[in-house]
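Q: Mind looking over this structure? Questions follow.
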Amino acid sequence: MSADRPLVFAHRGSSEALPEHTLAAYLRALDEGADGLECDVRLTRDGHLVCVHDRRLDRTSNGRGLVSGKTLAELDALDFGSWHPSAGDDPLDDPPNPDRTRLLTLDRLLGAVRDSGREVRLLIETKHPSRYGADVERRLVELLGRHGLAAPRPDDPVRVTVMSFAALALRRVRTLAPGVPTVYLLELLPPGVSRGRLPFGARIAGPGIGLLRTRPQLVAALRAAGHGTYVWTVNTEAELDLALAQGVDGVITDRPRFVLDRLGVG
Ligand code: G3P
Ligand code: CA
């Protein structure tokens with residue numbers, strides 16, 4: 001699977017520069033030349049998929065409580081940008097650009113990626129797989145279907161891969177959309193995976209960078225078994241060196257331009 005360099009995925013958008021999971025952070029990542037975008041999705045109380053990492057609203061918005069306890073309309077009234085150090089950077093930005101502060105739905109992100117006209121790989125991570133039964137995956141596959149992305153073709157400019165730490169979610173995606181590739185995310189290492197076996201047809205493993213330090217044979221074992229590796233979150237020179245030395249296929253980073261510069265990509 002390895003090309004001459006790993007793919008570079010913007011983790012929650014260009015999320016060092018701009019507030020994570022905002023449309024502005026994703027558009028910045030595309031401008032910076034990222035090969036792909038990473039996005040976490042959660043369900044609102046009324047069943048919409050929104051791009052938010054945390055279970056609670058408190059860290060990345062001016063709201064309080066659980067994302068899953070609010071309707072889309074309630075979330076849409078919140079400010080998801082002013083917490084970030086970049087807020088107020090541009091004194092001429094008056095009124096502030098709503099793309100930097102507004103909740104992003106997955107529907108809107110898919111539309112923006114398509115409208116960019118670029119070749120883009122989208123890594124969508126489903127959160128809370130057990131709380132709503134199969135609702136997250138079902139709604140995700142429905143939405144991908146509406147965007148023509150649930151049955152991928154090799155020449156599609158936008159290519160979606162679904163990721164999860166939960167094997168259960170991967171199994172659901174394989175059942176609902178067998179053509180959509182999946183990534184098995186890993187914080188720890190189940191024994192089967194250390195021997196190169198991934199659950200439910202997952203093509204790629206997604207270990208945290210810490211696992212590459214403690215298990216230096218992992219990427220090679222996965223490769224020998226025909227699996228690729230996308231590693232997260234690669235933000236420093238040392239982390240990138242480690243990932244490159246082990247021959248990973250993709251790096252997921254908050255700093256796509258920094259990584260592309262180090263890789264010599266113009
Ligand atoms: O892309 C994988 C990585 O994002 C997993 O961790 O907590 O940032 O979603 P987290
Ligand atoms: Ca994630």
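Q: Sorting 184, 132, 26 on the 10 Å Cβ count, fewest up front, what's the list? Display every interim value, and only then the final one.
A: Working: 184 25, 132 15, 26 31.
By the 10 Å Cβ count, ascending: 132, 184, 26.
Q: Separate question: Please rank 232, 83, fewest neighbouring Cβ atoms within 10 Å first, as an exposure proxy. Let's see the in-between values first.
A: Numbers: 232 25, 83 15.
Taking fewest neighbouring Cβ atoms as first place, the list is 83, 232.
Q: Determine, from the Cβ-Cβ distance of residue 45 and residue 263 and an R0 of 41 Å, the FRET efficiency 1/(1 + (r/R0)^6), rounded to the nearest 0.05. Please list the in-between numbers first.
A: Numbers: r = 42 Å, r/R0 = 1.03.
Working from the Cβ atoms, E equals 0.45.
Q: Right, another one. Apply 1/(1 + (r/R0)^6) to the Cβ-Cβ distance of residue 66 and residue 107, taking R0 = 22 Å, and write down the FRET efficiency to the nearest 0.05.
A: Efficiency, from the Cβ-Cβ distance: 0.55.
Q: Roughly what would the spin-label model give for residue 59 and residue 115, points 7 Å off Cα along C-beta, in nm?
A: If labels sit at residue 59 and residue 115, their model points lie 2.9 nm apart.
Q: If only Cα atoms are counted, what is the Rg of the stretch 126-183, and what is its Dmax, in Å?
A: Rg then Dmax for the stretch 126-183, in Å: 11.0, 36.
Q: Now a separate question. With a point put 7 Å past each Cα toward its Cβ, work out how far residue 168 is from residue 142 in nm, to one decimal.
A: Spacing of the two 7 Å Cα→Cβ label points: 2.0 nm.
Q: Which ³J(HN,Hα) values in Hz, rounded to whole numbers, follow from the phi angles of the stretch 11-21 under the Karplus curve 6.51 cos²θ - 1.76 cosθ + 1.60, where θ = phi - 60° and Gly and Pro get x?
A: Result, ordered by residue: 6, 6, x, 7, 8, 6, 6, 9, x, 4, 6 Hz.
All of the numbers you see were taken from the coordinates with simple rules; none came from a lab. Model, not experiment: these values are computed from the prediction. Neighbour counts run over all protein chains shown; Cβ positions are idealised from the backbone, glycine included.
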